[in-house]
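The values are calculated or read from the model by the stated rules, or taken from the named source; none is laboratory data. Predicted, not measured: the structure shown is a model, and the values here were computed from it. When we count neighbours, we look across all protein chains shown, and the Cβ atoms used for this are built from the backbone with ideal geometry, even at glycine.
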Amino acid sequence: MLPFSVGVAQVEERLRTLRRRLNLFALQDGAYLGGSVLLIAATLVIVLAVRGQATVFALTLWAAAAASALALTAAILRVRRHWLSMTQVVHFADHQAALEDRLPTLLLAETLTSPLKDLLLAQTLAAAPKWDIDALAPRRIPQSACLLAGSLAALIITSYFVRPPAAPMTMAAVTPPPPLAPAPEPVLQSAPDGQSEHHVPAGDSSKWAVYPARPSRPGLWNAPPPPGGLSRTGKCA
């Protein structure tokens, strides 16, 4: 038979492990429920932002923010309500295993001086399968995890498939552009006397300047040939 101190230490260690599992279960449940509400609100906001009107989107945005705040508050209160102390875990295990207050009595300080402490320890250890950790807390992940996974999947699918409506095509976009007109041919304009003629484009003649013709040298080209003519060397005879 185990010594009394060793048996009590085993009982306390099992109760601490049970407390950790129960509190972790409650913490996960609250976090998954709050996260599910946040994801559902985000999904609705995305859908209405893409497809809904401006007024409906604004109302939905405020409603989603309020629902998210309420969900977080409810999750915190839920975790706090289901959070168990060591004393509560002892009474919970004793009630579930139908030990009739043997488990709380075993952990009392007065039991150390009781002549029935060994008998009480033996009865408690004999009923250990009834208050085993896997028997009292068989689930490690709450069912709210499925709700969180579904909300996350809905958000991903909505973000991927929901697209804004296409803008209607106007007649300008449907009608092909008109063909380009051929470039105008340059127009020959007559210049006044003493000025040269230039080709000026027909579209804009103001940008083209008309320069006067270069005057010829008097007496050089218009002079009559000498009487004797020119020799082969080009000199006057």
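Restricted to the stretch 106-127, and to residues there that are free of Cβ contacts under 8 Å to residues at least 24 places away in the same chain and among the small types (Gly, Ala, Ser), the residue that is farthest from Gln10 (Cα to Cα) is Ser114. So, Arg139, is that one surrounded by 12 or more Cβ atoms within 10 Å (Cβ to Cβ) and basic (Lys, Arg) or not? Criteria not met by Arg139. Step by step: first the residues of the stretch 1-42, then only those that are β-branched (Val, Ile, Thr) and under 27 Å from Leu106 (Cα atoms), then the one that is surrounded by the most Cβ atoms within 10 Å (Cβ to Cβ). Which residue is that? Across the stretch 1-42, the extreme among qualifying residues is Val11. The residues on offer are Gln96, Gln123, and the sole one that is within 30 Å of Tyr32 (Cα to Cα) and out of contact with any strand residue (DSSP E or B) (no Cβ under 8 Å at 6 or more places or on another chain) is Gln96. Among the residues of the stretch 60-77, is any over 22 Å from the mean Cα position of the chain (by Cα) and surrounded by 14 or more Cβ atoms within 10 Å (Cβ to Cβ)? Yes, because at least one residue in the stretch 60-77 is over 22 Å from the mean Cα position of the chain (by Cα) and surrounded by 14 or more Cβ atoms within 10 Å (Cβ to Cβ).
Screening the stretch 111-196 for helices (runs of 4 or more DSSP H) wholly inside it with 3 or more residues that are at pLDDT 85 or above returns the ranges 117-126, 133-136, 144-161. Residues that are part of a helix (DSSP H, G or I), at pLDDT below 90 and over 19 Å from Gln143 (Cα atoms) occur at least once in the stretch 25-42.
Residues that are surrounded by 15 or more Cβ atoms within 10 Å (Cβ to Cβ), touching a residue at least 60 places away in the same chain (Cβ under 8 Å), in a helix (DSSP H, G or I) and at negative phi do not occur anywhere in the stretch 94-102.
Suppose the filter is under 18 Å from Ser144 (Cβ atoms), part of a helix (DSSP H, G or I) and in contact with a Leu (Cβ under 7 Å, 6 or more places away or on another chain); does Gly7 pass it? So Gly7 does not fit the description; no.
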